[in-house]
Amino acid sequence: MPAKLRVTWIKSDSGQKQDMRKTLASLGLHRMNQSVVHEDSLSVRGMINKVRHLVKVEVESEAG
């Protein structure tokens, strides 16, 4: 089973390019300090890499 990634938006997108704002929205982030959980995949990793200076990423362990 793929790992889960918790992505938290920690820095403002003010002054960033439009494509970075769209990437945050594609990740499901709409406001600061919001967290979303995604399954680990290459496409999600690519989006995270694009906005890595604006987000914090944590790997969630699966209980059980």
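The values are calculated or read from the model by the stated rules, or taken from the named source; none is laboratory data. From a predicted model like this one, the values you see are computed outputs, not experimental measurements. Note that we place each Cβ from the backbone using ideal geometry, even for glycine, and neighbour counts take in every protein chain shown. Note: areas computed on protein heavy atoms with side chains; ligands, DNA, RNA excluded. Shrake-Rupley method; radii C 1.70, N 1.55, O 1.52, S 1.80 Å.
Numbers at a glance
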read-out	value
In segment 19-60, trypsin sites (Lys or Arg not before Pro) in a DSSP loop with at most 12 other beta-carbon atoms within 10 Å	R31, R52
GNM result for the chain, Cα springs below 10 Å: residue of L29, L54, L42 fluctuating most strongly	L42
Segment 33-44 - phi-based ³J(HN,Hα) in whole Hz, Karplus 6.51/-1.76/1.60, Gly and Pro as x	6, 7, 10, 9, 10, 10, 6, 5, 8, 5, 5, 5
Whole-number accessible area per residue in Å² for the chain, which is evaluated in the context of all protein chains at 1.4 Å	68 Å²
10 Å binning of all Cα-Cα separations within the chain, expressed as whole percents from 0 upward	22, 56, 18, 3, 0
Sum of -39500 (n - 2.57) over DSSP H runs of 4+, divided by residues of the chain (222 nm, nearest 500)	-8000 deg cm²/dmol
Lys, Arg +1 and Asp, Glu -1 on Cβ, resulting dipole of segment 1-45 about Cα centre, debye, nearest 20	120 debye
Apportionment of accessible area to carbon and sulfur, the chain, percent (1.4 Å)	49 percent
